[in-house]
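Take a look at the structure set out below.
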Amino acid sequence: MESKLIHFDVLGDNRGSLIALEEHKNIPFKIKRVYYIFDTKNNVRRGFHAHKNLDQVLIAVKGSCTIHIDNNKVTKEVVLNNQSTGLYIGSLVWREMYDFSDDCVLLVLASDYYNENDYIRNYEQFKTLAENNEISRE
Ligand code: TYD
């Protein structure tokens, strides 16, 4: 039920810049999958899901987009427009992505393989699962 921004050190010299992503170092989990979203059409809003058990880090490696996150207690809008900033999103956080610039490439690192059974695509179901999870932690 967690999200946070992660700053990545930029390694650079007079040739340009480089950022390295390493599991259990600047990425707080074992990376099993990498995917990227690009060529997103104008006015598209995507995502609309949470995960039962998945950690992800989102990085706009080119361009910009906005991520709406909702942990059943607070909602936040996070603008990703910098290669050196990643947004960590844990389990049971609803996310929607929008305002993609034409050139946006959104890189996503994930802690597990693609598994449709791990998706919660119904918002009411997300709220119920998140509430039950909060109660079981009390
Ligand atoms: P979808 O979950 O709709 O994307 P988003 O959450 O960004 O709106 O995924 C689009 C399609 O891609 C869908 O058919 C599932 C498939 N997919 C994979 O096969 N592997 C993956 O790692 C991901 C993220 C999606």
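Things worth noting here:
- A single member of I31, I59, I37 is assigned to a loop (DSSP other than H, G, I, E, B), under 14 Å from the mean Cα position of the chain (by Cα) and modelled with pLDDT of 95 or more, and it is I31.
- The residues in region 62-91 that are closer than 18 Å to Y114 by Cβ and more than 10 Å from the chain's Cα centre (by Cα) can be counted, and the count is 1.
- When N43, N26, N14, N53 are checked against the criterion of being surrounded by 12 or more Cβ atoms within 10 Å (Cβ to Cβ) and either out of contact with any Gly (no Cβ under 8 Å at 6 or more places or on another chain) or modelled with pLDDT of 95 or more (or both), N26 stands alone in meeting it.
- Test result for F38, surrounded by 16 or more Cβ atoms within 10 Å (Cβ to Cβ) and either of a type in the set (F, W, Y) or touching a Ser or Thr at 6+ places or on another chain (Cβ under 7 Å) (or both): no
- Criterion: away from the ligand (no atom under 13 Å from the Cβ) and out of contact with any Lys or Arg (no Cβ under 6 Å at 6 or more places or on another chain) - qualifying residue of D99, D39, D103: D99
- Listed by position, the strands (runs of 3 or more DSSP E) contained in region 62-124 that have at least 2 residues being touching a strand residue (DSSP E or B) at 6+ places or on another chain (Cβ under 7 Å) and loosely packed, with under 13 Cβ neighbours inside 10 Å are 75-80.
The values are calculated or read from the model by the stated rules, or taken from the named source; none is laboratory data. The structure displayed is predicted, hence computed values, not measured ones. Backbone-built Cβ (ideal geometry, glycine too); neighbour counts: all protein chains shown.
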